[in-house]
Amino acid sequence: MQFVCPLIVVKDIDKSRNFYENILNQKVKYDFGENIEFEGGFSIHLESHFKKLIGNQDVIKKTNNFELYFEEENLDRIFNTLKKNGIEFIHEITEHPWGQRAMRFYDFDFHIIEIGESMQSVVIRLYNNGMTIEEINSKTSMPIDFIKKNGL
């Protein structure tokens with residue numbers, strides 16, 4: 001058996017495609033009409049069609065039990081774009097105890113989306129802010145070999 005991708009259910013496939021494609025810069029791999037697969041390895045599926053596949057059961061919104069995770073080096077730019085588009089934030093850009101900056105918000109169908117810095121860029125930022133390799137290791141729990149390989 002091979003895992004293929006997470007699939008999230010959306011009310012308006014065109015609106016969701018526009019959000020993922022034009023705001024989050026994801027590239028469409030396949031468009032099957034009611035199901036769109038993105039190169040990043042996830043798919044969106046039209047709710048009206050999906051409900052038929054699961055025996056017309058309700059699709060429950062805002063369950064807060066699943067998220068799609070993306071990485072972006074320019075969090076401020078994407079944050080401003082999301083703000084301009086009226087996105088509901090769970091939390092704006094925050095720095096986690098391990099040093100990674102990230103934000104969480106809902107897409108138009110209330111799926112949780114997280115966008116964070118890559119740990120490579122966290123390591124570089126912390127180093128550029130004057131931390132030693134040992135201090136970065138202690139803060140991030142990244143192995144010293146990882147820290148040394150990723151720009152230091």
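Of all residues in the stretch 99-140, those that are among the hydrophobic types (A, V, I, L, M, F, W, C) and more than 18 Å from the chain's Cα centre (by Cα) total 6.
Of everything listed in (1) surrounded by fewer than 17 Cβ atoms within 10 Å (Cβ to Cβ); (2) touching a residue at least 24 places away in the same chain (Cβ under 8 Å); (3) touching a Leu at 6+ places or on another chain (Cβ under 8 Å), the single unmet condition for Glu135 is (2).
Scan the stretch 66-90 for residues that are surrounded by fewer than 17 Cβ atoms within 10 Å (Cβ to Cβ), of a type outside the set (S, T, N, Q) and under 30 Å from Ile133 (Cβ atoms) and jot them down. Matches in the stretch 66-90: Tyr69, Glu71, Glu73, Asp76, Arg77.
Within the stretch 138-152, the set of residues being part of a helix (DSSP H, G or I) and within 20 Å of Thr94 (Cα to Cα) comprises Ser138, Lys139, Thr140. For the stretch 93-132, residues that are of a type in the set (A, V, I, L, M, F, W, C) and either without any contact (Cβ under 8 Å) to a residue 12 or more places away in the chain or not in a helix (DSSP H, G or I) (or both) total 11. For the stretch 52-73, filtered to residues that are more than 13 Å from Ile112 (Cα to Cα) and touching a residue at least 24 places away in the same chain (Cβ under 8 Å), the residue that is nearest to the chain's Cα centre (by Cα) is Glu71. When Gly86 is tested against (1) modelled with pLDDT of 95 or more; (2) assigned to a loop (DSSP other than H, G, I, E, B); (3) within 23 Å of Ser16 (Cα to Cα), exactly one condition is not met: (1). One residue stands out among those in the stretch 24-65 that are surrounded by fewer than 17 Cβ atoms within 10 Å (Cβ to Cβ) and aliphatic (A, V, I, L, M): the one that is nearest to Phe110 (Cα to Cα), which is Ile60.
The values are calculated or read from the model by the stated rules, or taken from the named source; none is laboratory data. Nothing here was measured: the structure is a model prediction, and the numbers come from that model. Cβ sites come from the backbone with ideal geometry, for glycine too, and all protein chains shown count toward neighbours.
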